[in-house]
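Report on the following structure.
Nothing in this text is a laboratory measurement; each read-out follows from the coordinates by a stated rule. Everything numeric here is computed off the predicted structure, so don't read it as measured data. Counting neighbours? That spans all protein chains shown, and the Cβs are built from the backbone with ideal geometry, glycine included.
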């Protein structure tokens, strides 16, 4: 991931920021997989793996001094505030309209053509 960040920064002169994966609802996802006729366990997903990956994304962002949005934490917070998974995900993985509202980048970038991300070790800010 660090190599990709450096590639886009140097070769493409791009402003880079990173997004972590979100939480997921494994039961909903397995139901979706079963409905598609795929064998159980064919597509392994877990919140433990998503959290580990999110931690790596945040670490890479901190080392590269670039901003990151911790979607995993935002979706955890949304659930803790009372939003149910069926309000956040269509199938346990992909967002509903309400799920997109939890992602501040998506909400802001759709309405503000020029989006500026501030830097922080594991958080985000918009100006």
The range 42-99: relative contact order as a whole-number percent, Cα under 8 Å and 6+ apart: 18
Simple SL model, points at 7 angstrom along Cα→Cβ for residue 38 and residue 55; separation in nm is 2.6
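At a Förster radius of 22 Å, what calculated FRET efficiency corresponds to the Cβ-Cβ distance of residue 7 and residue 27, to the nearest 0.05?
Approximately 0.05, to the nearest 0.05.
From the convex hull of the Cα coordinates of the range 1-81, what is the mean projected area in square nanometres?
Working: hull surface 27.7 nm².
So the Cα hull casts an average projection of 6.9 nm².
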